[in-house]
Amino acid sequence: RTFRGTRVPRPGPDFVARIEVGRRSSVVSGAKVAHMRVLARCGFEKGTSLQVVGGRKESPKRRAGRSIAAQSVIMMSASETASCIPTDQTLVKEVNLMLWKQRYAVLGLVDPKLDPKDKDEEFPKKKSKKIHLVLGNEAADLDSVVCALVYSVMTSRSYEGQSDNDELIAVPVICIPRGDLVLRNELVWLLRETGVDCDALVFQDELDIGQLQESNSVTEVHLVDHNALAQTSPFQGFHDKITTVIDHHHDENTYPESAATTIYPTGSCATLVGERFADEFATKNKEKGDPLVALLLSAVAMDTQLLQKEVTRVDIRDERMLKKLAELFFDERVSLDDPVSKLYGKLKQKRGDQSALSTPDLLRRDYKQWRGAFFLGGGKKD
């Protein structure tokens with residue numbers, strides 16, 4: 001039997017783990033372990049299913065036995081995803097803290113899970129940061145979002161501790177409504193597996209762009225994975241503040257002449273962003289598992305389809321960067337059987353998986369409408 005909801009029944013000897021699916025939690029019997037393994041969105045938490053309810057205490061022997069059972073389920077069920085992206089949790093925490101600082105700079109919102117003492121230290125009540133917006137393209141695909149996140153975090157770190165730049169912060173903006181993130185299944189999976197807190201991300205529909213313009217708090221705009229703002233972009237008012245462009249598409253040459261540009265037809269824009277920060281990653285990361293490196297690695301692998309030149313555009317710079325990122329993260333060479341191939345395979349599988357999407361989601365993801373005159377029969381219309 002499977003018990004759903006937040007009200008957990010009195011545990012018996014066969015209850016071995018609690019699973020979480022979205023905001024729901026379930027306690028599942030040992031007989032359902034095999035079924036649990038195939039549920040794509042399950043995450044297992046050790047010990048949470050071993051609580052005592054109903055005012056009755058378990059014997060230490062029974063509690064210990066169930067603890068062992070729960071641990072074995074965790075290891076058996078989580079091993080596949082854990083082997084794909086083994087991130088360092090200390091580095092993950094640092095990245096999420098920076099993302100929340102960025103969100104606080106434009107929205108004044110703080111991580112509700114943060115300790116109150118840390119809130120006062122990391123998020124001063126008076127916001128005085130000057131903002132550099134980092135905009136990905138309007139498609140908000142995996143490459144674009146990854147480039148915006150990595151570029152903004154690394155740039156913000158470079159500002160910290162510098163007397164001239166201490167009041168600056170780079171803020172990544174994902175140029176879609178927050179509700180549309182679910183349509184990009186491979187991106188959602190990648191963010192979750194690397195430990196990125198999606199609640200800390202800033203989406204276009206959350207910003208009061210008019211207020212940002214009036215306050216003059218935005219001093220620069222950096223474009224990644226595109227080199228021209230769309231005519232319908234709500235950020236057109238910031239066009240003259242574009243100071244940096246990093247892109248791998250055709251150069252439309254509509255940005256200000258003073259902007260610093262890196263435009264080159266690589267297979268992935270993440271290759272160009274990776275080149276900019278590769279030395280810093282190599283210097284800082286004595287330990288493997290940086291989530292930012294994992295994000296870049298995933299983007300390069302997906303955009304180049306794992307360096308398949310016969311299928312898509314692949315440049316020698318993509319090849320070098322994929323190898324470099326793989327060595328930084330996994331400390332292994334790129335081959336057909338290495339963890340990079342497994343990661344690419346998982347991302348590709350997630351991209352094609354639409355099982356979690358509702359009918360409205362599917363229509364929002366790929367809706368087309370045609371208008372015209374249709375004629376039946378074999379005749380031609382003059």
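The values are calculated or read from the model by the stated rules, or taken from the named source; none is laboratory data. Note that the structure is a prediction, hence the values are computed from the model and not measured. Please note: Cβ atoms are built from the backbone with ideal geometry, for glycine as well, and neighbour counts cover all protein chains shown. Heavy atoms of the whole protein, side chains included, go into the accessibility calculation; ligands, DNA and RNA do not. Shrake-Rupley method; radii C 1.70, N 1.55, O 1.52, S 1.80 Å.
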Within the range 154-165, residues being open to solvent by 30 Å² or more (accessible area, probe 1.4 Å) and either hydrophobic (A, V, I, L, M, F, W, C) or touching a residue at least 40 places away in the same chain (Cβ under 8 Å) (or both) number 1
Counting only residues that are over 20 Å from the mean Cα position of the chain (by Cα) and hydroxyl-bearing (Ser, Thr, Tyr), how many does the range 272-310 have?
1
Does the range 268-278 include one or more residues that are assigned to a loop (DSSP other than H, G, I, E, B), surrounded by 20 or more Cβ atoms within 10 Å (Cβ to Cβ), modelled with pLDDT of 95 or more and not aliphatic (A, V, I, L, M)?
yes
Just name the residue that is modelled with the highest pLDDT out of those in the range 323-367 that are more than 17 Å from residue 302 (Cβ to Cβ) and of a type in the set (A, V, I, L, M, F, W, C).
328
Residues of the range 269-290 satisfying the condition of being touching a residue at least 12 places away in the same chain (Cβ under 8 Å) and farther than 17 Å from residue 194 by Cβ:
269, 271, 272, 275, 276, 278, 280, 282
Can you list the strands (runs of 3 or more DSSP E) found entirely within the range 167-261 that contain at least 3 residues being among the hydrophobic types (A, V, I, L, M, F, W, C), out of contact with any helix residue (DSSP H, G or I) (no Cβ under 8 Å at 6 or more places or on another chain) and modelled with pLDDT under 95?
none
Give me a count of the residues in the range 215-242 that are under 20 Å from residue 271 (Cα atoms) and of a type outside the set (Asp, Glu).
6
Hey, can you tell me all the residues within the range 183-242 that are β-branched (Val, Ile, Thr) and either crowded, with 19+ Cβ neighbours inside 10 Å or over 22 Å from residue 357 (Cα atoms) (or both)?
194, 196, 202, 209, 218, 219, 221, 224, 232, 242
In the set 188, 218, 173, the lone residue that is more than 13 Å from the chain's Cα centre (by Cα) and among the hydrophobic types (A, V, I, L, M, F, W, C) is 218
Considering only the range 166-176, I want to know if a residue exists there that is surrounded by 21 or more Cβ atoms within 10 Å (Cβ to Cβ) and of a type outside the set (A, V, I, L, M).
yes
